[in-house]
Amino acid sequence: MHLLIILLLLFPATTLAAAEQLDDLRANGTQFRLKGDFNASYEIFEKIRNTAPQDPTYAVFRLNTLSTHLSWEESQTLYDDELLTLSATVLQWCENSSDIRANLYCGHSHFTLAFFNGLRGNYIRAGRHGSNAIDYFELALEAQPDLLEAKMYLGVSYYYADNLPSFLKVISRLLWFIPTGSSEKSLPYLQGVIESDSQFADVALYIYATLLIDGVGAEQQEAIRSLQVLVNRYPENTRFTLRLISVFVLEREFDLALAMTNAALTQQDISNLDRSLLELWKTQSLLGLGELDEATQAFNQVDLDGLGDAEPVPGWSMAWQFLTQAQLHDLNQQRKDAIENYQRVIDLGKKTFISPVLYETAEAGLKQPFRLSTD
């Protein structure tokens, strides 16, 4: 009964049946995203749009999907025009609507635009949209204190606002646009959503893991535990597996990384891109274990360059390929080729986000040849 009351409040201009149908479609679409099935997610988007073309729910759902795409490949520009058009559609509706969802949907749009502009280096716009997102989500939560969707996005907005890169904190003294957060609420908000039985519980779990992954000690262990839950729950989504393997590699847990990689490679229905990425992590794991010959064999299976437009390759994965190639060149006394590939990592890091650890490793490689830890 409680859910029915909420749906009636959220969809005053529609019938209860239509409201329930939209909510069910969004929940199904969210599950498809968690499973990594973006074709099915797109079909859900079209169903929502066809069911209620005058309602902005379809646009909000699609914006969430586009943000997911950008979180995987931050330099991807294929969806830029669509993202900006859909954001404008949502804002035009919610800024002129008395619908109780208006603040929530405005928050969604500004949140997406903050993320998008931050990736594109438009920090003033990103900060402005980030502040607006927080304001709208707070208003939505004030009107509906139990609105989990608002809590989830407000939690991550608070966290990022309070944990900006150091260079942004410096200029925040000069520029007004830096949003302010509330760290004491950010993670508890996310934890509350995780513990719920809502469609957003596992979305919040992945966000939670991502926020904690760069921590130390207990925080990082909690992130690893959360990722393991997602890997077990959604084995068909290779991105969760790849994320967890990457954490093990960065933490030098090479035995764990190798075991997970070998298990994932036994699957028959993974894409060529995912297979190449798994072989890349396998190479790094074997290098970490001092197995040069096996690492070389694994690296020979990596074919990111040959995938073409059919499977867009994330910029960060190319950086890992260049770094691994450089390290193999060093181990084969091919210093000139090694330096060239270390520099490619540095150059790529100026155009797209790559792990600070990766960037620092490449810089170290320019100064001193890579050697196996067992040498």
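Only the coordinates and a few stated rules stand behind these numbers; no lab work does. From a predicted model like this one, the values you see are computed outputs, not experimental measurements. Neighbour counts run over all protein chains shown; Cβ positions are idealised from the backbone, glycine included.
In percent, what relative contact order does the range 242-375 have, based on Cα pairs under 8 Å that are 6 or more apart in sequence?
21
Quote the charge dipole size of the range 218-358 about the Cα centre in Debye, to the nearest 20; the model charges only the Cβ of Lys and Arg (+1) and of Asp and Glu (-1). Don't jump to the answer; show the numbers that get you there.
Details: 12 positive and 20 negative charges, 74 e Å.
Charge dipole of the range 218-358: 360 debye, to the nearest 20.
For the chain, go through all pairs of different Cα atoms, get the mean of 1/r, take its inverse, and jot down that Kirkwood value in Å.
Roughly 22.2 Å, rounded to one decimal.
Give me a comma-separated list of calculated 3J(HN,Hα) values for the range 314-327, in order, Karplus coefficients 6.51, -1.76, 1.60 applied at θ = phi - 60°, integers in Hz, x for any Gly or Pro.
My calculation for the range 314-327 gives x, x, 5, 6, 5, 4, 5, 5, 4, 5, 5, 4, 4, 5 Hz in order.
Angle between the Cα long axis of helix 123-143 and the longest principal axis of the chain, 0 to 90 degrees, nearest 10?
50
Between residue 71 and residue 49, what length comes free when the chain is fully extended (0.36 nm per residue of separation minus the Cα-Cα distance, one decimal in nm)?
Extra length from residue 71 to residue 49 when fully extended: 5.5 nm.
When only C-alpha pairs under 8 Å and at least 6 residues apart count, what is the relative contact order of the chain, in percent?
Relative contact order comes out at 10 percent.
At 7 Å along the Cα-to-beta-carbon direction for both residue 20 and residue 296, put a label point, then send me their distance in nm to one decimal.
6.5
What number, rounded to the nearest 500 deg cm²/dmol, is the helix-based mean residue ellipticity at 222 nm of the chain, given -39500 (n - 2.57) per DSSP H run of at least four residues and division by all its residues?
Details: 19 runs with 267 residues, N = 375.
One gets -23000 deg cm²/dmol as the mean residue ellipticity at 222 nm.
Helix 16-34 versus the longest principal axis of the chain: what is the Cα-based angle in degrees, 0 to 90, to the nearest 10?
10
Working from Cα positions, state the angle (0 to 90°, nearest 10) between the long axis of helix 238-250 and the longest principal axis of the chain.
Approximately 50 degrees, to the nearest 10.
Total Lys pairs in the chain closer than 30 Å by alpha-carbon, pairs eight or more apart in sequence or interchain only?
For the chain, the number of qualifying lysine pairs is 20.
If you average the alpha carbon positions of the range 109-165 and of the range 22-100, how far apart do those two centres end up, in angstrom?
Going from one Cα centre to the other spans 17 Å.
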